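To keep things clear, I will list the structure first and then write my remarks on it.
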Amino acid sequence: MTYWADTMEEQDTFGQVGLGAMIVFVGVMIAIISSASVMIYQLEVIAENTESIVATTSKEAHTQVVFVGAWVADAYDDYLFMIEYQSLGKEVEVEDVGFVLWCVDNTETLHRKTGDLGSWGSGPVPNVAIWEVGGQIEEPDSLVSGKRYFIGVDGGTDANPNSDECGPKFIHDQGIVAYYTIFLPFGGHTTQELRALTLGPGESVT
């Protein structure tokens, strides 16, 4: 009887050890599966975010303004430009598109004027600085991809906006060049070099 009892006790001990090992094994497997699920989810999130960033970057990289033409708008300080807005992304608000008109005169003085595309004060219609080519002379709320627009800009500086620095007459008389840069809200920009070889309304600016 003693031998039988000892044998049963030994088998029970082995059984408890085996059951404990099984519980530990199952727990480890659950932990591994849970960790794998979390890792897979995180990888999916990273992949989705990466695709989104790549798509956004691609759209922004293909957003640009192309200068089609430039003219002397008057014989003093106004330019008239034709641009085309090209984008794979969304439209941009006119007030979010900025510009810089700048030049360096013969005394090595830098002149600069900044603003947005809607800030021309000498257009054919009061308070209209940009309008669609072939459309009514009225300012749009946003630039639409593939469309062309006329835009105007005055010479002068931020400190003295009514002066003529960097305007057609100024660069013609000084024999210098000016630069007009358009800045998009996504970070892209386009620069046009301006030379007024012949001064007069409607003359091309090369």
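The values are calculated or read from the model by the stated rules, or taken from the named source; none is laboratory data. All values reported here derive from a predicted model rather than from experimental measurement. Don't worry about glycine lacking a Cβ; one is built from the backbone with ideal geometry, like all the others, and counts go over all protein chains shown.
General observations
- Condition check for residue 146: part of a loop (DSSP other than H, G, I, E, B), among the small types (Gly, Ala, Ser) and at pLDDT 90 or above: yes
- Candidate set from the stretch 79-134 (those that are among the β-branched types (Val, Ile, Thr) and in a loop (DSSP other than H, G, I, E, B)); member that is surrounded by the most Cβ atoms within 10 Å (Cβ to Cβ): 97
- Residue ID - surrounded by the fewest Cβ atoms within 10 Å (Cβ to Cβ), chosen from residues in the stretch 191-206 that are part of a loop (DSSP other than H, G, I, E, B) and aliphatic (A, V, I, L, M): 197
- Filtered residues of the stretch 126-155 (kept if closer than 24 Å to residue 88 by Cβ and of a type in the set (S, T, N, Q)): 142, 145
- Unique residue being surrounded by fewer than 15 Cβ atoms within 10 Å (Cβ to Cβ) and hydroxyl-bearing (Ser, Thr, Tyr) when the list is 163, 142: 142
- Count of residues meeting criterion [under 27 Å from residue 84 (Cβ atoms) and either crowded, with 17+ Cβ neighbours inside 10 Å or at pLDDT below 95 (or both)] in the stretch 173-190: 11
Residues checked against (1) out of contact with any strand residue (DSSP E or B) (no Cβ under 9 Å at 6 or more places or on another chain); (2) over 14 Å from residue 75 (Cα atoms); (3) charged (D, E, K, R); (4) in the same structural domain as residue 92 (by TED's automatic domain parsing):
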| site | (1), (2), (3), (4) |
| --- | --- |
| 108 | yes, yes, yes, yes |
| 147 | no, yes, yes, yes |
| 155 | no, no, no, yes |
| 169 | no, no, yes, yes |
| 190 | no, yes, no, yes |
| 202 | no, no, no, no |
